[in-house]
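Novice: Got a structure here, written out as structure tokens. Questions coming.
Readers should treat all values here as calculations from the given coordinates under stated rules, not as data from a laboratory. Because the structure is predicted, anything quoted here is derived from the model rather than measured. Here the Cβ positions follow ideal geometry from the backbone for every residue, glycine too, while neighbour counts run over all protein chains shown.
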Amino acid sequence: MNEICRNTVAYRWASVLIALSFLLMTIPMATGSPPVSSDDWDGSVPVRPTDFNSTDEIRNILYNIDESLMGKHIQALQDVGTRYSYRGDKCYQAADYIATVFERNGLDVYYDDFTLNTVVKMRNVVGVKPGTSTSNGTVIICGHYDTFSPGSYPWTDAPGADDNGSGVAAVMAAAEILSDYQFNLTIKFIAFDGEEQGLKGSYNYVSGAVAAGENITAVINLDMIAYNPDPGTVEVYIYEGNNGNSSWLKSFMGDIAVKYQHISRIQLVDAGRIWASDHHSFSAHFQSILLIERRFGSNPNYHRITDTIDKLNLTYCANITQVALAAVSELAGISSQDSMPPSHTPGTPSNGSYATATPNISIEVTDPGSVDAASVKFIVDGTQVTPAIHIIPLGLNFSYAPPTPFPDGKIVDISVSAADMLGNNFTHNWSFMVDAVFPEPPSNFGIESARIGAVKQGLNLDIDSPSDSKHALAPSVIYRDGEYKMWYMASNSSIYHISYANSSDGLTWQKHGVVLLYGVTGQPDDAHVGHHEVIFDGEYKMWYSGYNGTAWRIMYANSSDGINWVKHGVVLDLGLPGSLDATYALSPAVIKTDEYKMWYTGYDGLKYSILYANSSDGINWVKQNESQLSPGGPGKRWGDAIIAYPTVIHDNGTYHMWYNRVGSNYYQTHYASSSDGLTWEDQGIAIEASVDIGTPDRFQATYVSAMVVGNETKLWYSGFDGTNWRILFANITPQDPADDLTLSWTPSSSTDVVGYEIFRESRPSAFRQPMVRASPEKYTQPNGVTPWIFETEEINNVTAYGPVAGTDPPSFYLPDDNLIDLALYIRSGVGEWTKLMGGAGYSLDSVLGYVEILSPLFGPGCTFHAWYNHSGGRALRVDGQTVSDIRAGSASLLSYYYVIRAVDRAGNIAYCQDTVGKIATETSNPWTLLGNPFLTGQVPISEALAGLDWTAAKTWVPDNAPHQWTSNVPGRPPALNTLQTVNQTTGVWVRVENSNYYVAIGTVSNISINLSPGWNLVSYPYHKMMSVSQALAGVPWDRVEIMDQYSPGLITEIYDSDTLYPGSGFWVYVTSSAVWNAINVP
């Protein structure tokens, strides 16, 4: 924050603090901590002028603009994830946020909707502040809110913090501030969509404005105003469009920058003309200019997924916004002081909602003239209370936590009134109902090894014939008459048709060319045919997608031989306006059970959805018009764009669906299951794009046809390398390693449960810390890995730790694992603080949250304090009763543990008492010493070692003298295999042929081990690593030996401070009989 902005904040808040002084004593303030609270204040109190002077008033306006105000809006827009124009659902979400800001500040708001290519819905947001003059002139301040990033990234990840979150944040800041004043001319605040697609939103608006004869005095467009890696640079480029002449407005802007330079410091540089932003759309008809950062041409984050708020110079952004607001204020003719009451949020818990018995009741109040805290009346059920107060951009947050719980069913009435420093006031009332009854918890929480991902087998059908020389994709495969038959979408130009091939093994294909051509001109399929499904039901029946250049529709054809087809026209048409298939209906997946069932792709101009219809004859269909796998479902973990293109089979009473999602910025195939074909649970990625250069499925792996043959699942899928489509093959067999984990549970019996939250940690003890509600997904994991939610609200956890003096080196676990951005301080016994640097001052195992102190400053009486981003609030939100954790099984050497809780409509939670988990231990050739604390009772050795390529196992039974050793060798006569079963206390030597991971899964329990005098070979019973002395506390042990990792098969002695690990076995020598009790569940 530069000096100007510090003065800005001082002016805004100093006048508030005298009124706040008696209230701020109720706010707990940190003392003695090294970080300084942003709420601290020591400014002097200025005297606000009482006589109106336009220049002075504009100066007052500019003092309200600071980094926090700009950052608030940029962050909110970035958090949408992408604002790519073709993601209408996301753009509408961003548009709603912008509109809410406009509405909350008293503007007249409307959406200026239009379509791109008559298909994609787009939306401009317009907020109007009517002028007081009889003149109908209008001043526009605008910026585009849509974003872009290269490749397939914009569908899921185009944060656009600078381009153009910064510009539209300036527009929203202008709305928040200028709405409180009166102006001679009308001011319009506009956020445009479609700029990245060729200025579509602004062209649409200008066309309407010209046709309506709108008198636009000036247009100030802000685009990319926050990238400035040189803090001393104050230059900003000003451009006019390529059409017309806006030299007058340019000159005016230059004068304004000079007039208010003592506040903004900005110097405008005339850079000539440019067409590439929304000012250009106005330039042929109206005076219009663009303000843009000086370094826009060399911004390394331009149109990249790295365009995030942490790369921005928010001071520079605020200063440019100050110039824009000064210009708008003078152009529109400011004519009064602040004449409007403060703005406010609706309040939480929201009106008419349910809340817990101890809700946090809060409301945000903002005003550019400052909120008079002494005027605030916060009334809860008729009683005035004293709220806690926190400073926020442009205002204050008032919150109140009731000291005693509200009773169940109570309707709580809230009334809040407040005024600004000029006496403009408001009163806001709302109410909510208390739900004080906790839900019943889920039960029978279980974990199983699983295989969701298919094993790719490579290219299956290439583009090597005249009919498919360019593309071959979207196969539909059946097995009939002793052969595999494939109909696929093919192209040798820009038009698609359907071709046919057959095969004896499903791997090597004989092509027969085109069997279904696109239709004649005027037919619904006169442009393309494809995205089809073929079944045999007395004859060959094909449901295919026909495209006429405007819309896709589902059509039908039949054939006696699968080669000569007769078309019967459209059988499933577009839905009514507003329905999920109002724009497209395509890509049918059809099976026949007791009736024909169809799952198909619907598009409404905003988003793609998978829909369902049924039919008695396959021709007359009844639509259900409900999304089968919506973006809000559990699959949102993997990306919520383009949920489409299903294929479905019914096997052993279960419906199986493979379908397309765009996640991790690539098109990939997901798997979902259902018991009835209507309620689906997404299980994760089945086939992912390879990403590697030169592979045929580098960018897309989708459009699948599936078949189960015996124990094998066969998947023919479409791969796209950036130029051509080809058909590839993948499968799943029982021999494939179980790379994934599946969690399941019995749902809560409570009827008001809205979902379940699953938490994952690396050890059970981490769950003993408080866990908070899941927040929106903002945490990106590597491609294909389950992206558990990162809880951004938990950024500043402060906890003191006092390691035991004398340990060398001192070490401790933080309460949470998977740490990010740890800041560690040591506080001496006399209160002196020192920040420790990673590497020299401490070492960190961020996965386990384990810290070792290396600093010599550690001594008696000191404590350590940690500020960190952490995983304690991670939650996977699920609606159903099963979910998979992809690549968390044998594909990962990490250990994972899970708990689950039910969440009801009010936010009450109830935990299942079970904790389940998985331990992974790396094995060594030839011998590895293992243990499995998850085993329940006596388990056959073959079951206990499932998944390992083992050839021998042995263990030691001390009470079985003189035959303490028992062993098992697969294939040996049963009478010689004296080791038949093991349990959770058994340490086992296992001989393996190939080094691999030993994966143990199950429910966490407390374990008791009976130890006999002398040597005992046991399983390590805890679920977290501990030192020998900690683990064996209270046990009369003398020596401990483990497998020598450098010489597998041999043992080595370890000592008090050495570490024991879950999943391992070890030798312990005790001097007398003892029972070793390991408490894993408190």
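Novice: Starting from 0.36 nm per residue, how many nanometres of slack lie between S942 and S1047 once their C-alpha separation is accounted for?
Specialist: 35.2 nm
Novice: Then there's this: So, R0 is 25 Å and r is the distance between the beta-carbons of V1035 and N960; what FRET efficiency does that work out to, to 0.05?
Specialist: About 0.70, to the nearest 0.05.
Novice: Suppose only helical runs count, i.e. DSSP H with n ≥ 4. What mean residue ellipticity at 222 nm does that imply for the chain under -39500 (n - 2.57) per run, divided by all residues and rounded to the nearest 500 deg cm²/dmol?
Specialist: -3500 deg cm²/dmol
Novice: For segment 345-361 and segment 530-597, what is the centre-to-centre distance using only Cα atoms, to the nearest Å?
Specialist: 48
Novice: Next up: Have a look at S149, W565, V1035 and report the one farthest towards the positive end of the charge dipole of the chain, computed about the Cα centre with Cβ charges (Lys/Arg +1, Asp/Glu -1).
Specialist: Toward the positive end, the furthest listed residue is W565.
Novice: Here is a follow-up. Order of H279, H528 from fewest to most other C-beta atoms within 10 Å?
Specialist: Placing the least packed residue first, the sequence is H528, H279.
Novice: Here's a follow-up. Could you tell me how far the Cα centroid of segment 724-753 sits from the Cα centroid of segment 448-470, in Å?
Specialist: A separation of 20 Å, based on Cα centres.
Novice: Between their Cα atoms, which of K72/K188; K567/K592; K121/K567; K72/K121 are more than 29 Å away from each other?
Specialist: With Cα atoms farther than 29 Å apart: K121/K567.
Novice: Rounded to the nearest 5, what % of the DSSP beta bridges within the chain are antiparallel ones?
Specialist: 90
Novice: Let me ask something else about it. To the nearest Å, what is the center-to-center distance of segment 924-976 and segment 368-418, using C-alpha atoms only?
Specialist: About 66 Å separates the Cα centre of segment 924-976 from the one of segment 368-418.
Novice: May I pose another question? For segment 258-303, what D do you get in µm² per second when you plug the Kirkwood radius from alpha-carbon pairs into Stokes-Einstein at 20 °C and 1.002 mPa s?
Specialist: D, rounded to a whole number, is 167 µm²/s.
Novice: Less than 14 Å Cβ to Cβ from N932, Lys/Arg counted +1 and Asp/Glu -1: what total charge do the surrounding residues give?
Specialist: Spelling it out: positives minus negatives among the neighbours equals 0.
Novice: Here's something else I'd like to know. If every alpha-carbon in segment 118-172 counts as one equal scatterer, what log10 I(q)/I(0) does Debye give at q = 0.12, 0.15, 0.22 1/Å?
Specialist: -0.44, -0.61, -0.95
Novice: Which value, in debye to the nearest 20, gives the size of the charge dipole of the chain about its Cα centre, when Lys and Arg are +1 and Asp and Glu are -1 at the Cβ?
Specialist: 460
Novice: By the gyration tensor of its Cα atoms, with a ≥ b ≥ c the square roots of the eigenvalues, what is the shape of segment 459-735: rounded for a/c under 1.5, prolate for a/b over b/c, or oblate?
Specialist: rounded
Novice: Of M172, M340, M837, how do they rank once you tally other Cβ atoms within 10 Å and put the fewest first?
Specialist: Lowest to highest Cβ neighbour count: M837, M340, M172.
Novice: Next up: Would you compute the Debye intensity of segment 433-542 from its alpha-carbon atoms alone, equal scatterers and no solvent, and pass along log10 I(q)/I(0) at q = 0.10, 0.17, 0.20, 0.22 Å⁻¹ to two decimals?
Specialist: The calculated log intensity ratios at q = 0.10, 0.17, 0.20, 0.22 Å⁻¹ are -0.46, -0.88, -1.12, -1.24.
Novice: May I pose another question? Suppose each label sits 7 Å from its Cα in the direction of the beta carbon; what would the V520-S251 distance come out to in nanometres?
Specialist: 6.7
Novice: Also, I was wondering about something else. Where the Cα atoms of the chain are projected onto their three principal axes, how long is each span, largest first, in whole Å?
Specialist: Principal axes ranked by extent give 106, 90, 57 Å for the Cα atoms.
Novice: State the Kirkwood hydrodynamic radius of segment 1002-1078 in Å, one decimal place, computed from all pairs of distinct Cα atoms.
Specialist: Evaluated over segment 1002-1078, this radius sits at 12.8 Å.
Novice: Which FRET efficiency value, to the nearest 0.05, do you get for L894 and D594 by plugging their Cβ-Cβ distance into 1/(1 + (r/R0)^6) with R0 = 41 Å?
Specialist: With a Förster radius of 41 Å, E is 0.35.
Novice: Dipole of segment 459-735, Cα-centred, from +1 at each Lys and Arg C-beta and -1 at each Asp and Glu C-beta, to the nearest 20 debye?
Specialist: Dipole about the Cα centre, nearest 20: 380 debye.
Novice: For segment 921-1078, with only Lys/Arg (+1) and Asp/Glu (-1) charged at the beta-carbon, what is the dipole magnitude about the Cα centre, in debye rounded to 20?
Specialist: For segment 921-1078, the charge dipole is close to 300 debye.
Novice: Evaluate the relative contact order of the chain (contact order divided by residue number), counting alpha-carbon pairs under 8 angstrom at least 6 apart; express in whole percent.
Specialist: Worked out over the chain, it gives 8 percent.
Novice: Once the dipole of the chain is set up with Lys and Arg at +1 and Asp and Glu at -1 on Cβ about the Cα centre, which of P359, I1007, Y544 lies farthest towards its positive end?
Specialist: The Cα lying farthest towards the positive end belongs to Y544.
Novice: For T356, T915, T669, what's the fewest-to-most ordering of other Cβ within 10 Å of each Cβ?
Specialist: Lowest count first: T356, T915, T669.
Novice: Between E539 and D676, how high is the FRET efficiency from 1/(1 + (r/R0)^6) when r is the Cβ-Cβ distance and R₀ = 35 Å? Nearest 0.05.
Specialist: 0.80
Novice: Looking at the square roots a ≥ b ≥ c of the eigenvalues of the Cα gyration tensor of segment 499-623, which shape do they give, rounded for a/c under 1.5, prolate if a/b is larger than b/c, or oblate?
Specialist: In terms of gyration-tensor shape, prolate.
Novice: Name the longest site-free stretch of the chain, where the excluded sites are chymotrypsin sites (Phe, Trp or Tyr not before Pro) in a DSSP loop with no more than 15 other beta-carbon atoms within 10 Å.
Specialist: Here the longest segment lacking exposed loop sites spans 276-1045.
Novice: Could you give the nm distance between label points at A212 and S1073, where each point is 7 Å from its Cα heading toward the beta carbon?
Specialist: 9.3
Novice: Right, another one. Direction-averaged shadow area of the convex hull around the Cα atoms of segment 921-1078, nm²?
Specialist: 8.8
Novice: Distance in nm between label sites at T345 and T386, each 7 Å beyond Cα in the beta-carbon direction?
Specialist: 2.4
Novice: Let me ask something else about it. Longer than 21 Å from Cα to Cα, which of K470/K511; K250/K311; K541/K597 are they? Say none if no pair is.
Specialist: Where the Cα-Cα span goes over 21 Å, the pairs concerned are K250/K311.
Novice: Can you list the lysines whose alpha carbon is less than 19 Å from that of K1024, not counting same-chain residues fewer than 8 positions off?
Specialist: Candidates past the 8-residue exclusion: K918.
Novice: Moving on. Set Lys and Arg Cβ to +1 and Asp and Glu Cβ to -1, take the dipole of the chain about its Cα centre, and tell me which of W989, Q683, A644 lies farthest positive.
Specialist: W989
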